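Please treat every number below as a calculation from the coordinates, not as lab data. The shown structure was predicted, so the numbers you read here are calculated from the model rather than taken from an experiment. Glycine also receives a Cβ, built like all others from the backbone with ideal geometry; neighbour counts cover every protein chain displayed.
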Amino acid sequence: MPSNEALVFDVYGTLVDPIGIARHLEGRLPPADAADVARIWRHKQLDISFRLTAMGRYEDFAWCTRKALDHALALLDKKLEPSEKESLIARYNDLEPFPDAVPALSGLLDRGHVLAVLSNGTPAMLEAILDASRLRPYFTEIISVDEVRAFKPSPLPYRHAAMRLNLPPSRLRLVSSNSFDIIGAESAGLRAAWVDRSGGVFEPDGGPPDIVIRSLTDLPAALDSTPGHDR
Ligand code: 2OP
């Protein structure tokens, strides 16, 4: 029986690991510095996307990713040759999938869920990363915020995803490890499931959703025990 909820997955941090890119810097920098670059890079990438959207401006996520890497290197006073920087940027389209992604997605498809992606990534970034991670075949729709030129957590991408899936927002459940994304989805009228991979702290401007899991493989059981989720 098909599920009454479409499951819409965030990508970076939820299906693939952006912080794991640190290992590609380890030949060039000491491991602690490589980890710092990866962490600041990711933080600044999101920060730039938030500020662009607050200003009503749009530059795509590839642009945010490049600017954020430059910032992380400058902040930590680290230098990379232009060719090293290009190869690191290229690695962003080849991030490691989390080991729970394939078993979870395959189980959810077997249960009749419609699965889609909604990400800040550009269409080209998403096609590349989903192909490289072999996750592409699980998804009916790949939805990029590029289509509305506003980053999550603006309500526009979430409402656009509902329109693309031809469902009311309340019949979409966003699955994300990023708590700002959960707050954004719920405030646009979607349901949500937070993948709390590291026992992290939820953003203070909202509260956790009705589903909180530590691994994507916990999602089917969590859906079964959630009131209002009728499989
Ligand atoms: C994504 O949209 C928020 O980076 C995260 O995939």
Setting aside same-chain residues fewer than 8 positions from residue 85, which lysines have a Cα under 18 Å from its Cα? 44, 67
Rounded if a/c under 1.5, otherwise prolate or oblate - region 1-66, Cα gyration tensor axes: oblate
Calc'd 3J(HN,Hα), region 114-120, phi into Karplus 6.51 cos²θ - 1.76 cosθ + 1.60 (θ = phi - 60°), Hz, glycine/Pro = x, comes to 7, 10, 9, 10, 10, 9, 5
Calculate the length of the line joining the C-alpha centroid of region 185-202 to that of region 23-62, in whole Å. 21 Å
For region 15-161, size of Cβ-based charge dipole, Lys and Arg +1, Asp and Glu -1, in debye: 380 debye
What percent antiparallel are the DSSP beta bridges of the chain, to the nearest 5? 5 percent
Percent of all Cα-Cα pairs per 10 Å bin for the chain, counting from 0 up to the last occupied bin, reads 8, 34, 37, 17, 4, 0
Given the rule -39500 (n - 2.57) for each run of at least 4 DSSP H residues, summed and divided by the residues of the chain, what is its mean residue ellipticity at 222 nm, to the nearest 500 deg cm²/dmol? -13000 deg cm²/dmol
Counting Lys and Arg as +1 and Asp and Glu as -1, what is the net charge of the other residues whose Cβ lies under 14 Å from the Cβ of residue 187? -1
What is the calculated FRET efficiency for residue 136 to residue 62, with r their C-beta to C-beta distance and R₀ = 22 Å, to the nearest 0.05? 0.70
Loop sites in region 48-102: chymotrypsin sites (Phe, Trp or Tyr not before Pro), DSSP, at most 16 other Cβ within 10 Å: 58
